[in-house]
Every structure is written in structure tokens, then in C-alpha cells.
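Every read-out reported here was derived from the displayed coordinates using simple, explicitly stated rules and does not represent laboratory data. Since we're looking at a predicted model, the values are computed, not measured. Don't worry about glycine lacking a Cβ; one is built from the backbone with ideal geometry, like all the others, and counts go over all protein chains shown.
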Amino acid sequence: MTYLQPHSVRTYLDLYKFFTLGLAALAIVGVLGLVGLYNAVVEERHAATVAGKAIAQLQTDNLTLEQQLFSAFDVNAVATFASARGLVKDSNPRYLEGTSATWAIASVSRF
């Protein structure tokens, strides 16, 4: 009895199947890679937005501190501070002089 095997030698069909499966696997890996890349971009965009909001808050805080600093060193505020503590403005201040005997001894000393 003879068994009929009509397409017994089909190497080109096996190559076609492997090629098709390879392209399908490559397409699946590519799609998964693009989904991962999209998620990474969305996360970075969100991080940039959060950082921008933090920078805006820091700039606001910096402006507030700057205003407090300028108000603390305002001429009127300094004069009020000095008068409240009994300080007077010295029109001819004497600064530390280098010819003082104490400083002469200190500059010669080796300690």
C-alpha cells in the first residue's frame, strides 16, 4: 500500500513560517518598547511639572525673605531700632588704630 504525501518537501514554507513568527515577535517587542518609552516620557514630563512648581514656590519664598530683609535694614527701621535702645549716631567715630601698644605686642607675639 502506498501512502500519498502531496507536499512532503516544503522547506520554503518552514522558512516563511519562521520569518513570519520572527516579524511578529519583533513587532510585539517593538510595541512593548514604545509603550515603555511613552510611560517614561509621561513620568519625566510630570517630574518636570512638579519641579517647575517647586521652583515657583521657592521664588515666592525668596521674594518674601528679600522683602523682610529689606524692611529690616530700612533706614527708618534702623533709626527706630537705635532710638529704642538708647543708641546715638556718632558723627566722628574712632575706629581701631594699628599704633596701639596692645596691638603692637600682639603682632610681635608668636602665639
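Taking a ≥ b ≥ c as the square roots of the eigenvalues of the Cα gyration tensor of segment 11-86, is the shape rounded (a/c under 1.5), prolate (a/b larger than b/c) or oblate? Show your work: numbers first, answer last.
Numbers: a/c = 13.30, a/b = 11.91, b/c = 1.12.
It is prolate, given that a/c is not under 1.5 and a/b is the larger ratio.
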Open item on the list: Need the full-extension length gain, TYR3 to ALA24, defined as separation in residues times 0.36 nm minus the C-alpha distance. One decimal, nm.
Closed with: 4.0 nm
Task: Calculated FRET value between LEU13 and HIS46, using beta carbons and R₀ = 41 Å, to 0.05 - done: 0.25
Open item on the list: Report the gain in length on full extension from LEU69 to ALA56: 0.36 nm times residue separation, minus Cα-Cα distance, nm rounded to one decimal.
Closed with: 2.7 nm
